[in-house]
There are 2 protein chains.
Amino acid sequence: MSLKTSKLSVIPLGGTGEIGKNLLVFEYDESIVVIDGGVKFPGEELLGIDLVIPDISYLEKNRERIKGLFITHGHEDHIGGLPFILPKLNIPIYGTKLTIGLVMAKFQERAPYPESLIHIIEPGELVQAGAFQVEAFRVTHSIPDAVGYSLLTPVGRVVYTGDFKVDYTPIDGQNMDLGKLAAWGEEGILALICDSTNAERPGVTMSERVVGKTLCDWFERAEGKIILASFASNVHRIQQAINAAADIGRKVCVVGRSMESVVRTSIEMGYLRLPYPEILVESSDVENISPSGLLVLTTGSQGEPLAALTRMATGSHRQIKVEVGDMVIIAATPIPGNEKLVGKTINHLYQIGAEVVTKEMGQVHVSGHANQEELKLIIRLARPRYLIPHHGEIRHQVALRRIGHTLGYEDKDIAITQLGSRVELSADGMGFGLNAEAGSVNIDGLGIGDVGQIVLRDRQQLAQDGVVVLIAAISKGKPYTLLSGLDIISRGFTFMKEAGELVEGAQKVGIQTLTAQLERDQIEWMNLKSTLRDSLGNYFWEKTHRRPMILPVLLSI
Amino acid sequence: MSLKTSKLSVIPLGGTGEIGKNLLVFEYDESIVVIDGGVKFPGEELLGIDLVIPDISYLEKNRERIKGLFITHGHEDHIGGLPFILPKLNIPIYGTKLTIGLVMAKFQERAPYPESLIHIIEPGELVQAGAFQVEAFRVTHSIPDAVGYSLLTPVGRVVYTGDFKVDYTPIDGQNMDLGKLAAWGEEGILALICDSTNAERPGVTMSERVVGKTLCDWFERAEGKIILASFASNVHRIQQAINAAADIGRKVCVVGRSMESVVRTSIEMGYLRLPYPEILVESSDVENISPSGLLVLTTGSQGEPLAALTRMATGSHRQIKVEVGDMVIIAATPIPGNEKLVGKTINHLYQIGAEVVTKEMGQVHVSGHANQEELKLIIRLARPRYLIPHHGEIRHQVALRRIGHTLGYEDKDIAITQLGSRVELSADGMGFGLNAEAGSVNIDGLGIGDVGQIVLRDRQQLAQDGVVVLIAAISKGKPYTLLSGLDIISRGFTFMKEAGELVEGAQKVGIQTLTAQLERDQIEWMNLKSTLRDSLGNYFWEKTHRRPMILPVLLSI
């Protein structure tokens, strides 16, 4: 096969048409390179599901060709799927120091990933992965050590931004490498795969540094304890909060599993610097510190039912009690779907008599993604021939296409992808090839992928109107006779003890149906059950306008 | 009992500490007056529940003393509970013309409410209701004919704003009666019960007229069909959309049950005026009209699964097909909790290739509630001695208290209520008395109040991990023996056909448990069941980390 006739395929197996579970595949002849492997949090229709990861059947089938998996940064939607994905693939992984540290922390509770396959890389370092020369370049985002990737391929250079914003004043001084992007742009970039999360938002995203200023202002006004809830991974924000606490002589207590873990990892690896070591206090020591001398850093900014702030708000946290006069700062925006949970937490806190500071009252949170003007800057610098919006729902992808239009791109230069789309790139142009197998795998408890459409549909029916079990014993031989009455057990339907009339009516209908059927010469058990299900289903609907799941149990004895 | 020693009680049975199901009770000696009777939409934890209404036990017990129920306006959260509440009370009701029209429309599918008890009132009209002289005053809100109420009581005047914003340029020219409020303020208002919904929002709410302008702009840009989704009850917005359509020569098709009903009622009662009668077309005629000549007014602005826009977006609406180049305007803000549903609709529409216009892209929606500066205006005009924030969660009530502070009120002058709080007012001051019985009643299908905590907890467990039914037959007499194997049926747990090993293991554990128990001299059926439930529960948790509901069915034969 001649290289010249080969095409480069870009295949999003996650993170397109959705926010979450990012996984991007690059394929050229015998070489495959993967970027990221994230999770998505289940929508409310996915009852009981804990996590959703990308379907990687395509990668499993082509495992031999995968040259490596490169990671952009340490957020869950980019690394959370790796403990499920990597053991199936056993491939080399590459990432910057903090990112790899956070990935390894995820493997701690499981069998460790082989060390020989783990590679810490620096931005600017060249990694040859099959037909691809891969190079990380620094971007700014709401976690340190984030990068995008350039892939130099036989058909030209493609660049994936990863998640980014353009922060000119990052807390760690690690600027986004705009120069590199511009230099590649000079040389010629074939395609730019670009974060479209905030493509609907005009203007620019504020620098994380703004949050630091706002926090200082609020801290100065506080009289009781200060409790700050934020994403655990936003190390820069944690750094700024600790600095602000030091300035006014408050000690800092870190509470919540993921917050404790990230703070520990970040201190160990040098990404978080304490003004003086004794500023950190254990939560067991909190009772000895006056409220006006304390800052609590915690999880729960999304109102998650089990998170520390949520438990504090409901008075069920063991160590930290919220009291009248405490100030609670929620430094986050609710992820769509979490608004009500966050609202509940806020209301509980007010009920206690705490002061609650949210994003609406001052810039205690800024986004980690680029708004429209930043996106324009990046596209102007990179000047790619083709544009592929990624990391967003279709509304965001279309919004990035609209931005592309304003910069002179036409529809044919912009690829709106779906899960499994194969964007084919060559010197001749861009087109779509055959889709790759793609989708979602549900994780529920220890089960990976065993909860599918049928089980979920059953859970939905059970959730709506509960279940009714009908039990009867029937003689084995002819003449078929009912050996018992009809027992009825229900859960989640109605409070049966107070529904005597309903139950009696149901028994009557059920026994009539059964006897009529049993008088027949032949009985077919499946028919018998479905007839019983139908007649009781109609009866309950008529009486209650509900449709519980009906499970007939007929014992043939 | 001397009047002078009596106190006026203000008791919110709904609408405080929550948004929705408004119901406010005023009580003085032998006189009770009620304002509104709304519904609330169930939170997602209320699985399967259709609606939530206030618990009116307190009113049922004091039915003889109720002199009347006064209605502020025709929104569901103020009138939606009436079909459930009024038949239990049989009391006179009072409201303005459109409001009463909308209430009566709700009774149409049920037994009609006695005509002799229905009173249409005008703002400014005095109604003597026991010890209260009640007077409606006009307010501006996102539905025509909205009023607040003044109650002149033996201890002084109290005023309830109802839901309001200060719109200086209302579409129907019916201005808020600020003069009346100011005059009462001059005379002296004892307490103001004030809408706190938007008390967290700075500035002022824009006039509904702004939306009219924006709609005209968008309409002019549209090439294909225009589909406008809005709350059905926002008659002013519908009026403006119809006017804008007339201006550019488009016909109007009204789609969606509640939209059709409100438009019909409003036209009949003179609240909606058509530029010319033939502008309205039936949805069955839409196929004969060119897309560029059509405006579709529809429901579904909240992404409700069964609403017309949602069905159009998924291609399942019979008459209206969304096509490439159509413009869909969503003229609403998602109610907290609906963000994901609305997002889904938007994504479906983009998938089809429609242009989607949301509030973010221009003022296609404005709130119906007063922001901070409007609230200050009303409090300054009314100058009440006491302030009672109503119609809001505690965060909103506290925000209104904060506004009160800036106007010189102290904590003791402001009552933050909960459901059933009894605020006692007299010339001597304001305090809290004994709470009245209050709470929520869940409506599920035809059942009112029969789905309580136990049933809901069962539904939650069923929704999470499904149900497993265990069936075995056991001999009646001693020695107790197992007459069958152990049958296992499950729904919503895992896909059993592919879980052979799990099922076999469960049967083994179950039979072991049963045999061990049956060997005992005495068996207690309840114990037998709970032992079986525990051992299988542990088995499933160990194997799957899930906790399905386990229902043992043991037949004694």
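The values are calculated or read from the model by the stated rules, or taken from the named source; none is laboratory data. Keep in mind it's a predicted model, so treat the numbers as computed, not measured. A quick note on method: Cβ atoms are made from the backbone with ideal geometry, for glycine too, and the neighbour counts reach across all protein chains shown. Just the protein is used for accessible areas: all its heavy atoms, side chains included, with ligands, DNA and RNA removed. Shrake-Rupley method; radii C 1.70, N 1.55, O 1.52, S 1.80 Å.
Numbers at a glance
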{"item": "Test: residue in the stretch B:398-413 that is modelled with pLDDT of 95 or more, at the interface with chain A (Cβ under 10 Å from one of its Cβ atoms) and open to solvent by less than 30 Å² (accessible area, probe 1.4 Å)", "result": "yes"}
{"item": "Subset of the stretch B:508-557 [part of a loop (DSSP other than H, G, I, E, B) and within 14 Å of chain A (Cβ to nearest Cβ)]", "result": "B:HIS545, B:ARG546, B:ARG547, B:PRO548, B:ILE557"}
{"item": "Residue in the stretch B:349-360 that is under 30 Å from B:LEU190 (Cα atoms), within 14 Å of chain A (Cβ to nearest Cβ), within 27 Å of the chain's Cα centre (by Cα) and among the aliphatic types (A, V, I, L, M) present", "result": "no"}
{"item": "The stretch B:479-498, subset within 8 Å of another protein chain (Cβ to nearest Cβ) and modelled with pLDDT of 85 or more, residue most open to solvent (accessible area, probe 1.4 Å)", "result": "B:ASP487"}
{"item": "Residues of the stretch B:39-78 classified as open to solvent by less than 40 Å² (accessible area, probe 1.4 Å) and either assigned to a loop (DSSP other than H, G, I, E, B) or assigned by TED's automatic domain parsing to the domain that holds B:GLN460 (or both), total", "result": "15"}
{"item": "Cβ-Cβ under 9 Å pairs, at least 6 apart or on other chains, the stretch B:348-360 side in the same structural domain as B:ASP326 (by TED's automatic domain parsing) and touching a residue at least 24 places away in the same chain (Cβ under 8 Å), far side open to solvent by less than 10 Å² (accessible area, probe 1.4 Å) and among the acidic types (Asp, Glu)", "result": "B:LEU349/B:ASP326; B:ILE352/B:ASP326; B:GLY353/B:ASP326; B:ALA354/B:ASP326; B:GLU355/B:ASP326"}
{"item": "Sole residue being over 21 Å from A:VAL10 (Cβ atoms), modelled with pLDDT under 95 and more than 19 Å from the chain's Cα centre (by Cα), chosen from A:ALA111, A:ALA105", "result": "A:ALA111"}
{"item": "Residue in the stretch A:408-424 that is basic (Lys, Arg) and more than 29 Å from A:MET176 (Cα to Cα) present", "result": "yes"}
{"item": "The stretch A:141-165 - residue that is open to solvent by 10 Å² or more (accessible area, probe 1.4 Å) and either free of Cβ contacts under 8 Å to residues at least 60 places away in the same chain or assigned to a loop (DSSP other than H, G, I, E, B) (or both) and, of those, nearest to A:SER233 (Cα to Cα)", "result": "A:SER142"}
{"item": "Residue count, the stretch A:187-219 (criterion: within 14 Å of chain B (Cβ to nearest Cβ) and of a type in the set (A, V, I, L, M, F, W, C))", "result": "1"}
{"item": "Candidates A:ILE379, A:ILE403 - the one that is within 22 Å of B:ALA354 (Cβ to Cβ) and either touching a residue at least 12 places away in the same chain (Cβ under 8 Å) or touching a strand residue (DSSP E or B) at 6+ places or on another chain (Cβ under 6 Å) (or both)", "result": "A:ILE403"}
{"item": "Only one of A:PHE137, A:PHE132 that is touching a helix residue (DSSP H, G or I) at 6+ places or on another chain (Cβ under 6 Å) and outside the structural domain of A:LYS251 (by TED's automatic domain parsing)", "result": "A:PHE137"}
{"item": "Hey, B:GLU76 acidic (Asp, Glu), away from every other protein chain (no Cβ under 14 Å) and over 20 Å from the mean Cα position of the chain (by Cα) or not", "result": "no"}
{"item": "Some residue of the stretch A:463-478 being open to solvent by 10 Å² or more (accessible area, probe 1.4 Å), within 24 Å of B:MET549 (Cβ to Cβ) and more than 7 Å from every other protein chain (Cβ to nearest Cβ)", "result": "no"}
{"item": "Filter pass, B:ALA427 being surrounded by 20 or more Cβ atoms within 10 Å (Cβ to Cβ), more than 14 Å from chain A (Cβ to nearest Cβ) and of a type outside the set (D, E, K, R)", "result": "no"}
{"item": "Among the residues listed as B:GLU125, B:GLU200, the single one being of a type in the set (Asp, Glu) and either within 25 Å of B:GLU268 (Cβ to Cβ) or open to solvent by less than 20 Å² (accessible area, probe 1.4 Å) (or both)", "result": "B:GLU125"}
{"item": "Qualifying residue in the stretch A:186-201 (condition: under 24 Å from the mean Cα position of the chain (by Cα), small (Gly, Ala, Ser) and not assigned by TED's automatic domain parsing to the domain that holds A:ILE242)", "result": "yes"}
{"item": "The stretch A:215-227, residues that are open to solvent by 20 Å² or more (accessible area, probe 1.4 Å) and in a helix (DSSP H, G or I)", "result": "A:CYS216, A:ASP217, A:TRP218, A:GLU220, A:ARG221"}
{"item": "Odd one out for A:LEU190 among (1) surrounded by fewer than 18 Cβ atoms within 10 Å (Cβ to Cβ); (2) touching a Gly at 6+ places or on another chain (Cβ under 6 Å); (3) closer than 25 Å to A:LEU24 by Cβ", "result": "(1)"}
{"item": "Residue that is farthest from the other protein chains (Cβ to nearest Cβ) [pool: residues in the stretch B:441-462 that are in contact (Cβ under 8 Å) with a residue 40 or more places away in the chain and open to solvent by less than 10 Å² (accessible area, probe 1.4 Å)]", "result": "B:ILE443"}
{"item": "Residue within the stretch A:275-283 that is buried (at least 23 other Cβ atoms within 10 Å of the Cβ) and touching a residue at least 12 places away in the same chain (Cβ under 8 Å) present", "result": "no"}
{"item": "Neighbours by Cβ (under 7 Å, 6+ apart or cross-chain): first from the stretch A:252-271, over 16 Å from A:GLN108 (Cα atoms); second of a type in the set (Lys, Arg) and assigned to a helix (DSSP H, G or I)", "result": "A:MET269/A:LYS97"}
{"item": "Matching option when the condition is out of contact with any strand residue (DSSP E or B) (no Cβ under 6 Å at 6 or more places or on another chain) and either not assigned by TED's automatic domain parsing to the domain that holds A:ASP145 or not acidic (Asp, Glu) (or both), among A:ALA229, A:ALA313", "result": "A:ALA313"}
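Okay, residues lined up against (1) open to solvent by 30 Å² or more (accessible area, probe 1.4 Å); (2) not hydrophobic (A, V, I, L, M, F, W, C):
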residue	(1), (2)
A:GLY500	yes, yes
A:GLN522	yes, yes
A:MET526	yes, no
A:PHE540	no, no
A:VAL553	no, no
